[in-house]
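Below: one structure, written as structure tokens.
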Amino acid sequence: MKRICTKCIVAALILSMGITAGIPAYAAQPQTTAATEQAAQLSLEETASQYFENYPSDKHVVSAEQLLNRVEEGESFCLLDIRSAEDYAKGHIQGAVNIPYGADVADALEIIPNDQPVLVYCYSGQTASQTVALLRLAGKDAYNVSGGFNKGISKQEKAKQLTVKTETALPEGNYPVNPQLKQAIREYYELAAQNRLKRKLPKVRSTW
């Protein structure tokens, strides 16, 4: 799977009505005035612009070692495991909350904290990097754990003693998210799922 760059993700979020090829049009919305629609569009564009203006040298990435040190020291942060529920159940880092990569992340935006760092890991770091970009556009202080669980975390000596099977629930809270931005994030994940399905389908040779 080709790595989707952050700029492509942002383009998918800020372009309305499916202007970019392959980006689905927004679902039906209540009738609004042209002025309201223009204001909402400007709001999304400003969000994307601010994202790049404040893009740091660390690219919002932490190492697996840094993550485990923070867990061991009992630091306060939200840890998201976006692997499948089945793999989460087999073992995950202590305190990690399972929100599988995809539309589930969009649905959980209002309960993912804005007031503390959010560290995200997947299998290899790829889907977590996409998710971190989306979470940051939604106002979360999110970071990708380099290498994910398989290529980063599991290679650390501390990983075994900090791996558990006990499920962790998200802390209670309500963190409002721009509805149009939430819809754009959901559509991004839906498009990504469609693309993965297309790659898995066997090619049928035409008999014509």
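Throughout, read-outs are computed from the coordinates displayed, never taken from laboratory work. Only a predicted model underlies this, so the values are computations on that prediction, with no experimental measurement involved. Note that each Cβ is placed from the backbone with ideal geometry, even for glycine, and that neighbours are counted across all protein chains shown.
Would region 81-208 count as rounded, prolate or oblate if I go by the C-alpha gyration tensor, calling it rounded below 1.5 in a/c and otherwise prolate when a/b exceeds b/c, oblate otherwise? Judged from the Cα gyration tensor, region 81-208 comes out oblate (a/c at least 1.5, b/c at or above a/b).
Its convex hull of Cα atoms gives region 99-157 a direction-averaged projected area, equal to a quarter of the hull surface, of 3.9 nm². Treating r as the C-beta distance of GLU110 and LEU191 and R0 as 25 Å, the FRET efficiency rounds to 0.70.
Determine the alpha carbon to alpha carbon distance for each of LYS90/LYS182; LYS90/LYS155; LYS140/LYS160 and list only those over 19 Å. In this structure, LYS90/LYS182; LYS140/LYS160 exceed 19 Å between Cα atoms.
For region 160-168, the Karplus equation 6.51 cos²θ - 1.76 cosθ + 1.60, evaluated at θ = phi - 60°, returns couplings of 4, 6, 9, 8, 10, 10, 6, 6, 10 Hz by residue, with Gly and Pro reported as x. Here the 3J(HN,Hα) profile of region 83-96, calculated from phi with Karplus coefficients 6.51, -1.76 and 1.60 at θ = phi - 60°, is 6, 5, 4, 5, 6, 4, 5, 6, x, 8, 6, 3, x, 6 Hz, Gly and Pro shown as x.
Computed packing ranks the peptides 131-139, 63-71, 188-196 as 131-139, 63-71, 188-196, most packed first, by mean other Cβ atoms within 10 Å.
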